[in-house]
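A short write-up of the structure that comes next.
The values are calculated or read from the model by the stated rules, or taken from the named source; none is laboratory data. These figures come from a predicted structure and were not determined experimentally. Using ideal geometry, Cβ is built from the backbone for each residue, glycine included, and neighbour counts are taken over all protein chains shown. Surface areas here come from the heavy atoms of the whole protein model, side chains and all, with no ligands, DNA or RNA. Shrake-Rupley method; radii C 1.70, N 1.55, O 1.52, S 1.80 Å.
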Amino acid sequence: QKTESGGYDVLMAAIKVDVVEKLAEPLRELKCHTGTVDVCPIAAYNWLKHTGEFGEGGECVALVDMGASTTDIVIERDNQFRFNRSLHLGGNDITSTIGSAFNMSFAEAEKTKRERGFAPTGDPQRDGKGGWAV
């Protein structure tokens, strides 16, 4: 996008060509053409921007996408992309921590996380042992 000062916002990312080629191979076999390749968190951000579902009027907004092994964060402020970071921490790490704290198998901890998951408040009376486990 063109900025108010007449410049352009630019984000550069690097990925090995052979990785992109490997991922695009099934599309070529179906005779499909790839026009743009985008990294996952930025692709989600761009889609939400395109649909108008990402913040309003200059708010500071974060897109947080937690997967099994990583969590991606994209931040926008004043209608401008500001920050992107991928953390090597995901849902499996939370499951493992719950399993360790409550002496459960991974499968039991995953079930517990999905059924009773919560965001700790920092209040030990409210959160109980789950507050410090997560």
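If you check ASP72 against the conditions, is it of a type in the set (D, E, K, R) and either touching a Lys or Arg at 6+ places or on another chain (Cβ under 7 Å) or in a strand (DSSP E or B) (or both)?
Judged against the criteria, ASP72 is a match.
Sort out which residues of the stretch 58-77 are within 15 Å of ASN46 (Cα to Cα), open to solvent by less than 90 Å² (accessible area, probe 1.4 Å) and touching a Gly at 6+ places or on another chain (Cβ under 8 Å), and write them in order of number.
VAL61, GLU76
Name the single residue that is modelled with the highest pLDDT among those in the stretch 78-108 being open to solvent by less than 70 Å² (accessible area, probe 1.4 Å), of a type in the set (Gly, Ala, Ser) and farther than 17 Å from MET66 by Cα.
SER105
Suppose we keep only residues that are among the aromatic types (Phe, Trp, Tyr) and assigned to a helix (DSSP H, G or I) within the stretch 17-63. Which one would you say is farthest from ILE73 (Cα to Cα)?
TRP47
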